[in-house]
1. With respect to L171, is the statement that it is under 18 Å from the mean Cα position of the chain (by Cα), at pLDDT 95 or above and either among the small types (G, A, S) or surrounded by 17 or more Cβ atoms within 10 Å (Cβ to Cβ) (or both) true?
2. Show me the helices (runs of 4 or more DSSP H) entirely contained within region 366-450 in which 2 or more residues are over 30 Å from H80 (Cα atoms).
3. Just give me the residues in region 15-40 being open to solvent by 60 Å² or more (accessible area, probe 1.4 Å) and either within 23 Å of L232 (Cα to Cα) or touching a Cys at 6+ places or on another chain (Cβ under 8 Å) (or both), in sequence order.
4. Against the condition assigned to a loop (DSSP other than H, G, I, E, B), surrounded by fewer than 19 Cβ atoms within 10 Å (Cβ to Cβ) and within 21 Å of the chain's Cα centre (by Cα), how does E199 come out, does it pass?
5. M294 versus (1) within 21 Å of V37 (Cβ to Cβ); (2) open to solvent by less than 30 Å² (accessible area, probe 1.4 Å); (3) within 24 Å of the chain's Cα centre (by Cα): which is the lone unmet condition?
6. Residues to consider are R27, R15; find the one that is modelled with pLDDT of 95 or more and not hydroxyl-bearing (S, T, Y).
7. Would you confirm whether any residue within region 153-163 is touching a strand residue (DSSP E or B) at 6+ places or on another chain (Cβ under 9 Å) and not in a loop (DSSP other than H, G, I, E, B)?
8. What residue, among those in region 232-260 that are more than 14 Å from F333 (Cα to Cα) and not in a loop (DSSP other than H, G, I, E, B), is modelled with the lowest pLDDT?
Amino acid sequence: MNIQNPDALKPGEARTPGQSTKDIILRDPKAAPVPLVTEQYEFLGSEDIPFDRYTSREFFDLEMKKLWPKVWQWVCREEHIPEPGDHMVYEIGDYSFIITRTDSGEVKAYYNSCLHRGTQLRPGAEEEGYALSGNDFRCPFHAWTWNMDGTLKDLPCDWDFPHLDKEKLCLPEAKVGLWGGFVFINMDHDAKPLEEYLEVLPEHFKHFFPLDRRYVEVHLRRTLPCNWKAGLEAFLEAYHVRETHMGGDPIGNAQTNAQYDIFGDNVNRFVHTIGYLAPKWPEPETEEDIANSMAARIMAAQKNREKLGEKYGVDLTNYSESEMLDSIEYFVFPNMFIFPGITLPMIYRFRPAGTDVDTCWFDLMFLRPLKEGEEHPEPPRVVKLGVNETYDTVPNMDKPLAAVYEQDTSNLERQQRGFKASAKKAESLANYQEARIRQVHITLDKYLKA
């Protein structure tokens, strides 16, 4: 049991009283995967974070110049482009790419710009995020055309371009990496390999239901009225649960005993237990309390095994209570969240909405398990929601979770306005519960100062 004298602790050592996340998971009757009982936290400092990092045009432009062209970022799932000729447009700020599968089965990412006079080969704003198919990439302005492998197919009136070597007029490419069924790109051809960039992630995810054996059940994209970092930071901590989700009514220590791990520059995690209702501290927790809470947690996990096993036609008998209940959230810098659990199998992505400092796009996917031997079905078309459109309007969206997401994003416009109204001009972060937010800024600065 976690009982401490806060005054005797060093910065970052304080924890909520009562059962820790690890205590609870180790009590579960079905052993959790080793990564879930691994702890790796480090104190990262306590300095304030300036608000102009969320509001300044100069800072935003610096990110566009020095961050986004240097990082690995996921652009789609492989099942979005399963056949030769299938392609998607992906955009980040002013950058635009065509992600395609060639006749050889290779995945490539081309800069979405004609080598003649720069016209986009595929419409960006209209088609971004939608799966498409075709045999070539033809410019709508003068009909310069490229094959799916990026080689030049047709240059109309080529007699008028004797100064150009058609063999060298291949579409420029970004670097491509594949992992877990996801397609990633990096504009920097000198970037470290994707699996090295992902740090502990490939090893940890060997212990969970494979990501490449899951399919997209839901995919939505909502425009949020905040900077992209403010959007993702709302999901990096569970400190907000008591007020944002419970209206100030605590339910034991469940909202403050989440475990936070810092695995490196690019990967961090929280594990937030669900189904364990501890007494409202500072009342002491008895062994009877622990036994009753664990019984409720075990029962809830079993119900999920039965319900979801039947719904998706998979055997979940041996999956741990933690995988069947808990919010297990890995973050990959700069903007990707991956949940390896069965009941909460979400994927998030936050990025600027075009070049607007004050808005971002929030992509949300649910990745459900495939039956043994089953092929990936065609992914659903992304549902694009405006600022005032609600999550519960999306087909197949879990209604209770839709309400939770409304709460999660309800504060973001007020926060963005508050950044600008503030006399303090900076935020003060918790040493432990908000360490993942600090890690984002530490890694961000490494790119901006390079």
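1. no
2. Per the criteria, 412-421, 435-448.
3. Answer for region 15-40, where residues must be open to solvent by 60 Å² or more (accessible area, probe 1.4 Å) and either within 23 Å of L232 (Cα to Cα) or touching a Cys at 6+ places or on another chain (Cβ under 8 Å) (or both): E39, Q40.
4. When the stated conditions are applied, E199 passes them.
5. Failed condition: (3).
6. Exactly one of R27, R15 is modelled with pLDDT of 95 or more and not hydroxyl-bearing (S, T, Y), namely R27.
7. Checked against the condition, which is being touching a strand residue (DSSP E or B) at 6+ places or on another chain (Cβ under 9 Å) and not in a loop (DSSP other than H, G, I, E, B), region 153-163 yields at least one hit.
8. The residue in question is R242.
The values are calculated or read from the model by the stated rules, or taken from the named source; none is laboratory data. The structure displayed is predicted, hence computed values, not measured ones. Cβ atoms come from the backbone with ideal geometry, glycine included; neighbour counts cover every protein chain shown. For accessibility, only protein heavy atoms count, side chains too; no ligands or nucleic acids. Shrake-Rupley method; radii C 1.70, N 1.55, O 1.52, S 1.80 Å.
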